[in-house]
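Enquirer: First the structure, which I've put down as structure tokens, then a few questions once you've had a look.
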Amino acid sequence: MDIFNKEFNPYLRAGFPVLAVETCEEQRLARMATTGTYQDKDGVMTPYVVMRITIQFMMQRVEITEGELVYTDIGKMPEGYVGAFAAAVREGNWLLLVHDWQSMMKQPKAYRDLKESLAGLKSTYSRILLVGPSWVGLPDEIKHDVKIVKMPLPERDGLAAALDTILSSTGILLEESIYDAVLSAAKGLTLSQAEDAIALALVKLGHIDPSVVADVKMDQVRQSGLVDISNPVPVEDVGGLAGWKEFVEQEIIPAMGTPLSVKRVLLVGLPGCLHGDTPIYDPIDGTTKTVAERERAGGEFNVIALGTGGPIIATAMPPHNYGPADMIEFTLGNGKTITVTPAHRFWAGVDYTCASEIYIWIQKYGSYWFQTNWSGHGQTVEIVSARQVGTHNYYDFHVPNYNNYWAVDMFHHNTGKSLSSKALGAYLQIPVLECPFSKLKGSLVGDSEKNISAMLNLVNAVTPVVAWFDEIDDAFGDAESSARTGSTTGSMVGIFATWLEEKQKQDTIVVATANDFFKIPTKIVRRFDEIFFVDLPSTQERKEIAAVHLRLNGNTATSALCDLLANLSRDWTGDEIRKCILSAARRTRGNITAESLKDAASSVKPIAITRAEEIAALRKWGHDTVRIANTPEVSITSKQSARRIQQTVST
């Protein structure tokens with residue numbers, strides 16, 4: 001087979017005595033091995049005698065008979081693997097497939113037996129393939145003598161051969177378009193997984209459906225634990241961002257499949273508004289520390305987060321101190337207090353509620369209560385008082401995947417810029433894989449590098465996809481110091497940067513998001529084809545965002561309401577507009593009016609005001625340096641100028 005000749009034969013013919021092959025497809029490798037050849041002392045290309053041994057120590061001969069893979073028992077090897085190694089040297093011309101050796105490779109006798117065989121293997125033209133799913137952790141005594149080779153997943157011709165066999169045995173005929181769609185859906189599966197997926201479609205539907213094959217592939221992706229699958233967001237649910245949408249429609253889509261295609265995009269935007277100096281409980285080590293203490297300590301920690309099935313343990317990225325901001329202190333019914341910024345949001349059982357809204361409510365009505373779905377003891381949370389406490393430092397940290405965390409008897413919101421990434425999947429009608437770096441850092445030396453390599457290889461295998469990397473500034477923020485000390489983050493940057501460079505040859509579209517552009521290592525930044533800044537929404541965008549959320553809350557998006565909210569929400573983020581509409585809906589039991597929007601707007605404290613200096617600096621950098629994702633403002637003056645130009649041309 002071409003894969004064997006391409007991936008393995010060059011090493012075998014060059015005299016490498018032992019290859020460690022990373023694969024779970026033992027039978028596919030055995031079938032390919034029967035095509036292996038070597039050049040004997042007379043220069044004649046000669047096929048190997050392919051043999052096989054497992055931990056049961058039964059020596060077997062591997063052959064293809066009438067197109068079928070056949071294992072023929074030769075006999076037990078009383079001395080186990082060392083006996084098989086000796087037989088390969090004695091007989092010569094063997095290609096010996098060794099299974100299960102990874103279970104004992106760290107035993108001194110095991111690697112010593114293999115090492116003693118190397119010279120004899122070279123001189124007798126015998127070669128050994130160690131077969132296993134992973135060869136990370138080869139002992140130092142042997143790893144320089146063994147070449148690790150990852151066996152690629154089946155290419156299109158291999159998948160086509162398997163599909164043809166199924167079609168021949170069932171008598172099914174497929175249209176060319178369906179045939180091609182099935183093969184595309186099966187890309188990234190092993191041969192047996194592809195066969196099982198096609199069989200599942202036949203059992204469930206009575207015919208071969210590429211969507212079933214694609215579902216099986218995505219199930220395998222989920223089971224890997226390395227990436228998450230995000231549901232694409234309908235394009236109509238993304239208000240504004242005309243610059244980004246125009247880029248997708250006019251540059252990404254037309255150039256797909258050509259050498260000019262866009263493969264790597266970075267979205268930089270305004271950071272989310274989070275809480276300040278608040279105690280956070282780590283359920284793994286049992287400690288309760290304030291965010292300020294965790295920021296000083298550095299490093300990741302664990303939080304309780306709210307998943308789709310209830311509370312879970314999630315990894316939180318290191319906190320960052322953003323400096324002073326006006327803050328509100330809330331006192332709960334149990335006497336506990338929590339101090340947050342006005343734009344901070346609490347989970348209220350159905351949706352998030354802004355701290356400034358709760359503050360206004362308490363000033364009017366005396367207390368505020370809600371059900372959190374889970375409050376440690378299943379109790380309803382009551383906030384009995386609220387007071388402004390002046391300016392204090394506030395802190396932000398990111399919880400990948402879940403975007404919330406548990407603190408002081410409540411869940412709190414924490415989010416990144418995800419809509420644009422998810423909408424790209426809807427535009428292109430391909431899956432969106434969320435690739436969280438936080439899941440990859442392991443406790444053992446080499447674990448993190450192994451995990452990021454496995455994740456990126458998985459993305460490569462299931463292409464075409466949108467690979468979404470959220471908050472990469474948090475993931476690589478300490479890269480420069482890590483590079484000096486040789487720590488894990490520096491190694492991960494190198495692996496990721498190399499992978500990004502290779503994306504120019506792949507069908508994967510990489511979309512990364514960040515809050516702080518200047519924390520991203522230069523070697524990563526320069527590999528992106530385009531960098532966009534997601535600014536505060538323009539007037540037209542605010543109207544579009546208002547229309548989206550008015551409809552989502554069961555109201556007609558009239559021009560009057562959209563125009564009103566666009567005027568009320570100058571310098572607001574899209575999420576602040578959403579919260580205002582939700583607040584107005586609550587006040588009117590879903591029947592939103594102009595007055596309810598005005599009342600709700602009065603309680604909004606925009607991030608552009610509470611963090612004015614920081615936001616102004618970030619916006620200036622974005623407008624001066626990179627492309628803008630937003631819909632541009634069109635002033636009355638520019639409209640009049642355009643009309644005069646048109647009149648001049650017409651006359």
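Enquirer: Is it true that some residue in the stretch 234-242 is at pLDDT 75 or above and either surrounded by 12 or more Cβ atoms within 10 Å (Cβ to Cβ) or assigned to a helix (DSSP H, G or I) (or both)? Working first, answer last.
Expert: From the stretch 234-242, those at pLDDT 75 or above are none; that's our starting set.
Within the stretch 234-242 (the criterion being at pLDDT 75 or above and either surrounded by 12 or more Cβ atoms within 10 Å (Cβ to Cβ) or assigned to a helix (DSSP H, G or I) (or both)), the answer is no, since none of the residues qualifies.
Enquirer: Now, a different point. From (1) hydrophobic (A, V, I, L, M, F, W, C); (2) open to solvent by 70 Å² or more (accessible area, probe 1.4 Å); (3) under 23 Å from residue 27 (Cβ atoms), pick out the condition that doesn't hold for residue 45.
Expert: Answer for residue 45: the failing condition is (3).
Enquirer: Quickly run through the stretch 373-397 and pick out the residues that are surrounded by 15 or more Cβ atoms within 10 Å (Cβ to Cβ) and either within 25 Å of residue 298 (Cβ to Cβ) or modelled with pLDDT under 60 (or both).
Expert: Correct list: 374, 375, 392, 393, 394, 395, 396, 397.
Enquirer: On the given criteria, is residue 412 assigned to a strand (DSSP E or B), within 23 Å of residue 290 (Cβ to Cβ), open to solvent by less than 40 Å² (accessible area, probe 1.4 Å) and modelled with pLDDT under 75? Lay out the reasoning, then the answer.
Expert: Details: assigned to a strand (DSSP E or B): yes; within 23 Å of residue 290 (Cβ to Cβ): yes; open to solvent by less than 40 Å² (accessible area, probe 1.4 Å): yes; modelled with pLDDT under 75: yes.
Yes.
Enquirer: Pull up the stretch 28-42, narrow it to residues that are more than 37 Å from the chain's Cα centre (by Cα) and open to solvent by 20 Å² or more (accessible area, probe 1.4 Å), then point me to the one that is nearest to residue 101 (Cα to Cα).
Expert: From the stretch 28-42, those more than 37 Å from the chain's Cα centre (by Cα) are 34-42; that's our starting set.
Pick out the ones that are also open to solvent by 20 Å² or more (accessible area, probe 1.4 Å) and you get 34-35, 37, 39-42.
Values: 34: 21, 35: 24, 37: 24, 39: 28, 40: 29, 41: 31, 42: 34 Å.
Among residues in the stretch 28-42 that are more than 37 Å from the chain's Cα centre (by Cα) and open to solvent by 20 Å² or more (accessible area, probe 1.4 Å), the one nearest to residue 101 (Cα to Cα) is 34.
Okay, residues lined up against (1) of a type outside the set (A, V, I, L, M); (2) free of Cβ contacts under 8 Å to residues at least 12 places away in the same chain:
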| position | (1), (2) |
| --- | --- |
| 49 | no, no |
| 53 | no, no |
| 67 | yes, yes |
| 75 | yes, no |
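Enquirer: Further question: For residue 260, are the conditions met, namely being surrounded by fewer than 21 Cβ atoms within 10 Å (Cβ to Cβ), aliphatic (A, V, I, L, M) and modelled with pLDDT under 80? Don't jump to the end; show me each part of the working.
Expert: On the way: surrounded by fewer than 21 Cβ atoms within 10 Å (Cβ to Cβ): yes; aliphatic (A, V, I, L, M): yes; modelled with pLDDT under 80: yes.
Taking the combined requirement at face value, the residue satisfies it.
Enquirer: Got a number for residues in the stretch 558-585 being free of Cβ contacts under 8 Å to residues at least 60 places away in the same chain, out of contact with any Lys or Arg (no Cβ under 8 Å at 6 or more places or on another chain) and acidic (Asp, Glu)?
Expert: The qualifying residues number 1.
Enquirer: Please indicate, with yes or no, whether at least one residue in the stretch 309-319 is in contact with a Gly (Cβ under 7 Å, 6 or more places away or on another chain), modelled with pLDDT under 85 and under 16 Å from residue 355 (Cβ atoms). Write out each step before concluding.
Expert: So in the stretch 309-319, the residues in contact with a Gly (Cβ under 7 Å, 6 or more places away or on another chain) come out as 318.
The next check asks that each one be modelled with pLDDT under 85; those that pass are 318.
Those left that are additionally under 16 Å from residue 355 (Cβ atoms): none.
No, the conditions are met nowhere in the stretch 309-319.
Enquirer: How many residues, within the stretch 1-22, are open to solvent by 20 Å² or more (accessible area, probe 1.4 Å) and touching a Leu at 6+ places or on another chain (Cβ under 8 Å)?
Expert: Adding up the residues that qualify gives 1.
Enquirer: Next question. Which of the following residues is open to solvent by 10 Å² or more (accessible area, probe 1.4 Å), modelled with pLDDT of 90 or more, under 18 Å from residue 158 (Cβ atoms) and of a type in the set (D, E, K, R): 116, 25, 68? Outline the logic, then answer.
Expert: Details: 116 fails: under 18 Å from residue 158 (Cβ atoms); 68 fails: modelled with pLDDT of 90 or more.
So the residue among 116, 25, 68 that is open to solvent by 10 Å² or more (accessible area, probe 1.4 Å), modelled with pLDDT of 90 or more, under 18 Å from residue 158 (Cβ atoms) and of a type in the set (D, E, K, R) is 25.
Enquirer: So if I check each of 475, 467, 461, 454, which one is under 19 Å from the mean Cα position of the chain (by Cα), buried (at least 21 other Cβ atoms within 10 Å of the Cβ) and at pLDDT below 85? Step through it out loud before you land on a result.
Expert: Numbers: 467 fails: at pLDDT below 85; 461 fails: buried (at least 21 other Cβ atoms within 10 Å of the Cβ); 454 fails: buried (at least 21 other Cβ atoms within 10 Å of the Cβ).
Result of the check over 475, 467, 461, 454: 475.
Enquirer: Working only within the stretch 79-113, note down all residues that are among the charged types (D, E, K, R), open to solvent by 80 Å² or more (accessible area, probe 1.4 Å) and either in contact with a helix residue (DSSP H, G or I) (Cβ under 6 Å, 6 or more places away or on another chain) or not in a helix (DSSP H, G or I) (or both).
Expert: Hits for the stretch 79-113 are 79, 106.
Enquirer: Further question: If you check residue 548 against the conditions, is it under 21 Å from residue 625 (Cβ atoms) and buried (at least 17 other Cβ atoms within 10 Å of the Cβ)? Break it down into steps so the answer makes sense when it comes.
Expert: Details: under 21 Å from residue 625 (Cβ atoms): no; buried (at least 17 other Cβ atoms within 10 Å of the Cβ): yes.
It is false that residue 548 is under 21 Å from residue 625 (Cβ atoms) and buried (at least 17 other Cβ atoms within 10 Å of the Cβ).
Enquirer: Restricting attention to the stretch 491-520, and to residues there that are touching an Asp or Glu at 6+ places or on another chain (Cβ under 7 Å) and assigned to a loop (DSSP other than H, G, I, E, B), which single residue is surrounded by the fewest Cβ atoms within 10 Å (Cβ to Cβ)?
Expert: Applying the filter and picking the extreme gives 516.
The values are calculated or read from the model by the stated rules, or taken from the named source; none is laboratory data. Owing to the predicted nature of the structure, the values given are computational and were not obtained by experimental measurement. So basically every Cβ, Gly included, is an ideal-geometry build from the backbone, and we count neighbours across all protein chains shown. With ligands, DNA and RNA removed, areas are computed over all heavy atoms of the protein, side chains included. Shrake-Rupley method; radii C 1.70, N 1.55, O 1.52, S 1.80 Å.
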